[in-house]
Amino acid sequence: VPVLSKWRAKVPEASADPVEKQDSEPVIVSVDAAGRLFLNLGQEEQILSLATIKDRVAAVLRRSPDKPVLIWGDSAVPYGDVVTVMVALQEAGAPSVGLVTENPK
């Protein structure tokens with residue numbers, strides 16, 4: 001899973017089974033410790049508003065409705081903020097939104 005180069009999220013650990021490998025790269029919305037949002041759609045790394053992310057993800061899902069959508073959130077981000085992003089992604093057309101976690105060591 002790609003990690004944005006300008007910041008490193010402290011990702012929560014979980015012991016869930018990994019998602020099976022998909023044919024296409026997932027759309028990943030990243031939320032850093034300061035609550036800033038990033039999107040991994042090949043553009044230059046930039047902070048985006050939730051509305052912009054929602055519009056861009058909706059456009060991607062119109063072309064590729066089965067594309068996986070994931071959130072990579074720093075462990076310092078309040079749970080409610082992650083839920084807000086999840087709801088926006090579902091409103092954009094994502095049938096489900098996964099969470100990126102790391103396995104406990």
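Spin-label model, GLN90/ASP55: points 7 Å from Cα along the beta carbon direction are separated by 2.4 nm.
Measuring r between the beta carbons of SER64 and ALA33 and using R0 = 22 Å, the FRET efficiency lands at 0.15. With a cut-off of 15 Å between beta carbons, the residues surrounding VAL29 carry a summed charge of -3, where Lys and Arg count +1 and Asp and Glu -1.
Every number here is computed from the coordinates shown, using simple stated rules; none is lab data. What you see is a predicted model, and the numbers here were worked out from it, not measured in a lab. When we count neighbours, we look across all protein chains shown, and the Cβ atoms used for this are built from the backbone with ideal geometry, even at glycine.
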